[in-house]
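A.B. asks: Quick one: structure below, then a few questions.
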Ligand SMILES: [Fe+2]
Ligand SMILES: [Fe+2]
């Protein structure tokens, strides 16, 4: 069977060709002096944010392959083609964050610039488990749960909430044009990944009506993640004295708002 070029996964795949970019083309020449102008707390928070995204992008790059294999078994060829592009794009995002941490900043990342402590288990346990289950469990429910955690939560809620912090930092400091350029390009890639995830969930819900209950259960589970996960980035900073004037309350609320927006995209078919 030839590809259905009008299908959503193929349209997203085709769109990715014209939106390719290279981390090596981004100008980091201003980042060093911008970094030197920050306070110690601002540096600590910014490295925690960027290193957290590096960790997340590495996690999603490592764990996407089982979805590719599962889609092959299902003979969902257009979705499989899209995931091939997504895997490349996730690796590109890792490269961007690593270049920023290693090349843009003065000092060695992990030596002069301490590697932050992270305590969450999403990339060490929850995501690997959900994705690797696809290697031995061919059920629609396992596929649904994997996409719920990967595309719906990690990309559609957690990363989306994180971008609000980046943009607040860029607006308030007027600094880091190279980091801002990369974040905007990554967000554009991630919009395609999230749209693909919404498509997958809608298709599975349309074909397996019993998954509607799993969806509601998973949204409830993710609401608990969304209440706990924001603490990771802002840990150690007093709410009234957070660098760049970041607000704990609005960051926490952005998680819940993104979760509700994603829920509505899947069930109400809102854009
Ligand atoms: Fe990514
Ligand atoms: Fe992504």
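Computed from the coordinates by the stated procedures, all read-outs in this text should not be read as laboratory data. The shown structure was predicted, so the numbers you read here are calculated from the model rather than taken from an experiment. Cβ sites come from the backbone with ideal geometry, for glycine too, and all protein chains shown count toward neighbours.
A.B. asks: What is the calculated FRET efficiency for residue 99 to residue 253, with r their C-beta to C-beta distance and R₀ = 35 Å, to the nearest 0.05? Walk me through the intermediate numbers first.
C.D. replies: Working: r = 32 Å, r/R0 = 0.92.
Working from the Cβ atoms, E equals 0.65.
A.B. asks: So if each residue of separation counts as 0.36 nm, and I subtract the Cα-Cα distance between residue 171 and residue 136, what length gain in nm does that give?
C.D. replies: On the way: separation 35, 0.36 × 35 = 12.60 nm, distance 4.66 nm.
So the chain would gain 7.9 nm between residue 171 and residue 136.
A.B. asks: Follow-up question, since we're still on this one. At 222 nm, what value in deg cm²/dmol follows for the chain if DSSP H runs of at least 4 each add -39500 (n - 2.57) and the sum is divided by all its residues, to the nearest 500?
C.D. replies: Mean residue ellipticity at 222 nm (helix-derived): -21000 deg cm²/dmol.
A.B. asks: Fewest to most neighbouring Cβ within 10 Å: what's the order for 115, 163, 150?
C.D. replies: Details: 115 12, 163 17, 150 23.
Final ranking by Cβ density, sparse to dense: 115, 163, 150.
A.B. asks: Give me the orientation-averaged projected area of the Cα convex hull of the chain, in nm², one decimal. Please report the intermediate quantities before stating the final value.
C.D. replies: On the way: hull surface 57.4 nm².
In nm², the orientation-averaged hull projection of the chain is 14.3.
A.B. asks: Length gain on complete extension for the stretch residue 203 to residue 188, per 0.36 nm per residue less the alpha carbon to alpha carbon distance?
C.D. replies: Separation in residues times 0.36 nm, less the Cα-Cα distance, equals 3.1 nm.
A.B. asks: Determine, for 111, 81, 221, the number of other Cβ atoms within 10 Å of each Cβ, and report the residues in order from fewest to most. Before the final figure, lay out the partial values.
C.D. replies: On the way: 111 8, 81 19, 221 14.
Final ranking by Cβ density, sparse to dense: 111, 221, 81.
A.B. asks: If you don't mind, there's one more thing I want to ask. What is the fewest-to-most order of 61, 14 by other Cβ atoms lying within 10 Å of their Cβ?
C.D. replies: On the way: 61 19, 14 13.
Starting with the residue having the fewest Cβ neighbours, the order is 14, 61.
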